[in-house]
Amino acid sequence: MDRKGTNILLAGVGGLGVLTASNIIGTAAVRVGKKVSSFEVHGIAQRGGAVIGTVRIGDHNVGPLLGDGRADIILGFEPLEVLRNISKASQSTIVITDITPIRVITPTQFTYPKLEDIFAEVEERCARLYKIDCLALARKAGTAMVRPSVLLGALSEIEQFPIGSQVLLKTLEESVPARYKEQNIAAFKEGADFIRAKRQ
């Protein structure tokens with residue numbers, strides 16, 4: 001956390017809910033009286049291209065852009081995208097990432113790196129790395145579609161996160177389709193429980 005607030009980077013690919021999660025975090029921050037500045041970069045494809053979001057939360061207005069080494073928390077929806085954006089981390093950054101790779105079709109031949117190599121490099125560049133099988137926890141909650149809610153639940157339990165878990169959960173409830181509300185709540189709680197268990 002810097003003197004102006006908390007800087008969060010969200011990294012993933014299209015179709016994984018990065019932008020929705022970014023909007024939920026920003027809305028929750030406004031509800032608790034914080035100033036919010038956000039920025040989004042969309043990939044060339046709606047589904048499959050790289051997507052990055054930043055949410056800067058504080059008591060004062062700040063610009064949306066996030067310089068290298070300035071992320072307090074990185075929320076990863078795809079492991080390789082976390083690695084591609086690891087320059088935003090510092091030795092005080094907390095990284096939370098889904099462990100499930102998304103192998104998108106590219107115009108050139110591409111070999112996805114070994115997950116253990118990705119995680120080893122990320123771990124060297126941050127203070128703490130939490131690796132979550134969001135797909136498994138989402139399915140436990142009822143459907144693979146609620147993977148982003150697992151990450152939001154995990155985020156809510158990070159000490160550096162400046163918003164109470166109940167506020168974030170309430171904002172999530174109001175932001176998802178009614179027919180998937182219960183599954184999203186369950187997924188959020190699975191993510192929160194995962195972090196609490198790791199802290200014990």
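Would you please put 33-40, 184-191 in order of how densely packed they are, using the mean number of other Cβ atoms within 10 angstrom per residue and starting with the highest?
184-191, 33-40
In deg cm²/dmol and to the nearest 500, what is the mean residue ellipticity at 222 nm of the chain if only DSSP H runs of at least 4 residues count, each as -39500 (n - 2.57), divided by the residue total?
Roughly -12000 deg cm²/dmol at 222 nm, from the helical runs in the chain.
Please work out how much length the chain gains when fully extended from Glu182 to Ala136, using 0.36 nm per residue of separation minus the C-alpha to C-alpha distance, in nm with one decimal.
Full extension of this stretch gives 14.9 nm more.
Take the alpha carbon atoms of the stretch 6-36, find their center, do the same for the stretch 158-182, and report the distance between the two centers in whole angstrom.
Answer, in whole Å: 11.
Could you state the orientation-averaged shadow area of the convex hull built on the Cα atoms of the stretch 103-200, in nm² to one decimal?
Computed as one quarter of the Cα hull surface, the answer is 8.3 nm².
Can you give the extra length, in nm with one decimal, that the chain gains between Gln166 and Ser90 once fully stretched, where that is 0.36 nm per residue apart less the Cα-Cα distance?
Values: separation 76, 0.36 × 76 = 27.36 nm, distance 2.85 nm.
Here the answer is 24.5 nm.
Report the rotationally averaged projected area of the chain based on its alpha-carbon convex hull, in square nanometres.
Taking a quarter of the hull surface, the average projection is 10.8 nm².
For Arg125, what accessible area in Å² do you get when you roll a 1.4 Å probe over the heavy atoms of the protein chains, rounding to the nearest 10?
90
The values are calculated or read from the model by the stated rules, or taken from the named source; none is laboratory data. It should be emphasised that the depicted structure is a prediction, and the values quoted were computed from it without experimental measurement. Positions of Cβ are backbone-derived with ideal geometry, glycine not excepted, and every protein chain shown enters the neighbour counts. These accessible areas exclude ligands, DNA and RNA; they are computed on the full protein's heavy atoms, side chains included. Shrake-Rupley method; radii C 1.70, N 1.55, O 1.52, S 1.80 Å.
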